[in-house]
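Structure record follows, encoded as structure tokens.
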Amino acid sequence: MPAPWQAVILAGGRATGLGELARERPKSLVPVAGRPFLAWQLERIRASGFRDVVLLVGHLGEQIREFAGDGHAFDVTLRYRDDGPLPLGTAGALRAALDVLAPEFLVTYGDSYLPFDYSAPLRDLVAHPEADGTLAVFKNDGRWDASNTEVDGDWVARYEKGSLHPALDHIDYGATALRRGVVAALPAGVSYGLDRIQHELAAARRLRAVRASARFYEVGSPAGLAELDAQLRTARGGDPGRDAPA
């Protein structure tokens, strides 16, 4: 594995789906089960072996910096990159942070809580030089959100966001390992979505798949926030804050 393992969190989006809950704070800091969502996410990432974390911030990003600081409270080293005044898209934000990206890194969304080993996609990518990325996938069958991925063995055969193709029975779980060169090849300062990279790599047979066994959670809507709140409170025996960093 590369040392140190690096995780990049896309935390620059606006929380329009949360209404008043996030009108004056970024989505990463919306409270869930007794503490800001970002605390739960950093805890899961650290438990998967990551120490180097890059936060790509935008809307109200100064609040995220104030809360998380240098990462010491979460036993990680945090660095920040601001998206800037223009919308760059998820992959465009990665391109703007090219100078801090590791040769291979994991990228995840700032509103996704994933109960799995975040290092699994990165381990897979490092072990397979014939690939440029590894996508964590979940056998969704349209249950939690619209499925967008067809898996063929250990490879992503098709990635099509918004398609109703019957072969798309898996979903992008929310964690992707990428090589820095994929991001370096993007035009600088241009809006570009991570889903476009995933689509292009799948079409070129350069995107591998690792399967997650537990459902994902997202805090982009009040319903999703309530689901994760209940799950975390249950998992922590009704005392979700007992392991919270000071």
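The values are calculated or read from the model by the stated rules, or taken from the named source; none is laboratory data. These numbers were taken from a predicted model, which means no experiment stands behind them. A quick note on method: Cβ atoms are made from the backbone with ideal geometry, for glycine too, and the neighbour counts reach across all protein chains shown.
Within the range 75-87, the set of residues being touching a helix residue (DSSP H, G or I) at 6+ places or on another chain (Cβ under 6 Å) and buried (at least 21 other Cβ atoms within 10 Å of the Cβ) comprises just one member, Asp83.
A single entry from Val100, Val76 fulfils the requirement of being over 15 Å from the mean Cα position of the chain (by Cα) and either within 20 Å of Val190 (Cβ to Cβ) or charged (D, E, K, R) (or both): Val100.
Quick check on this structure: which one of Arg180, Arg233, Arg205 is out of contact with any Cys (no Cβ under 8 Å at 6 or more places or on another chain), surrounded by fewer than 17 Cβ atoms within 10 Å (Cβ to Cβ), closer than 24 Å to Trp40 by Cα and basic (Lys, Arg)?
Within the list Arg180, Arg233, Arg205, the selection yields Arg233.
Rundown of residues vs (1) surrounded by fewer than 18 Cβ atoms within 10 Å (Cβ to Cβ); (2) in contact with a Leu (Cβ under 8 Å, 6 or more places away or on another chain); (3) closer than 20 Å to Gly61 by Cβ, yes/no style:
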residue: Pro103; (1), (2), (3): yes, no, no
residue: Leu106; (1), (2), (3): no, yes, no
residue: Ser112; (1), (2), (3): no, no, yes
residue: Asp124; (1), (2), (3): no, no, no
residue: Asp132; (1), (2), (3): no, yes, no
residue: Gly142; (1), (2), (3): yes, no, no
residue: Ser147; (1), (2), (3): no, yes, no
residue: Val156; (1), (2), (3): no, yes, no
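Of all residue pairs spaced 6 or more apart or on separate chains, those with beta-carbon atoms under 9 Å, a first member in the range 171-192 that is touching a residue at least 12 places away in the same chain (Cβ under 8 Å) and over 20 Å from Ser112 (Cβ atoms) and a second member that is exposed (fewer than 14 other Cβ atoms within 10 Å of the Cβ) and aliphatic (A, V, I, L, M) are Arg180/Leu98; Ala184/Leu98; Leu186/Leu98; Ala188/Leu98; Gly189/Leu86; Ser191/Leu86. Only one of the numbered conditions (1) assigned to a loop (DSSP other than H, G, I, E, B); (2) surrounded by fewer than 17 Cβ atoms within 10 Å (Cβ to Cβ); (3) modelled with pLDDT of 95 or more; (4) not small (Gly, Ala, Ser) is not met by Arg242, and that is (3). Of all the criteria given as (1) within 16 Å of the chain's Cα centre (by Cα); (2) part of a helix (DSSP H, G or I); (3) over 27 Å from Ser221 (Cα atoms), the one not satisfied by Phe105 is (2). Of the residues examined, Val182 is not one that is in contact with a helix residue (DSSP H, G or I) (Cβ under 7 Å, 6 or more places away or on another chain), in a strand (DSSP E or B) and within 23 Å of Tyr80 (Cβ to Cβ).
Each row is one residue, and each column tells you yes or no for (1) under 19 Å from the mean Cα position of the chain (by Cα); (2) under 29 Å from Val30 (Cα atoms); (3) not polar (S, T, N, Q).
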{"position": "Ile171", "(1), (2), (3)": "yes, yes, yes"}
{"position": "Thr176", "(1), (2), (3)": "yes, yes, no"}
{"position": "Val182", "(1), (2), (3)": "yes, no, yes"}
{"position": "Pro187", "(1), (2), (3)": "no, no, yes"}
{"position": "Gly193", "(1), (2), (3)": "yes, yes, yes"}
{"position": "Ser221", "(1), (2), (3)": "yes, yes, no"}
{"position": "Ala230", "(1), (2), (3)": "no, yes, yes"}
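The residues on offer are Ala175, Ala209, Ala167, Ala203, and the sole one that is within 20 Å of Val126 (Cα to Cα), small (Gly, Ala, Ser) and out of contact with any helix residue (DSSP H, G or I) (no Cβ under 8 Å at 6 or more places or on another chain) is Ala209. If you take the residues in the range 115-163 that are under 24 Å from Lys27 (Cβ atoms) and in contact with a helix residue (DSSP H, G or I) (Cβ under 7 Å, 6 or more places away or on another chain), which one is modelled with the lowest pLDDT? Only one residue tops the list, namely Lys161. Residues in the range 121-155 that are more than 14 Å from Val107 (Cβ to Cβ), among the hydrophobic types (A, V, I, L, M, F, W, C) and not in a loop (DSSP other than H, G, I, E, B): Val126, Ala127, Val137, Phe138, Val151, Trp155.
Before we move on, is Leu56 assigned to a strand (DSSP E or B), crowded, with 18+ Cβ neighbours inside 10 Å and either touching a helix residue (DSSP H, G or I) at 6+ places or on another chain (Cβ under 7 Å) or not charged (D, E, K, R) (or both)?
It is true that Leu56 is assigned to a strand (DSSP E or B), crowded, with 18+ Cβ neighbours inside 10 Å and either touching a helix residue (DSSP H, G or I) at 6+ places or on another chain (Cβ under 7 Å) or not charged (D, E, K, R) (or both).
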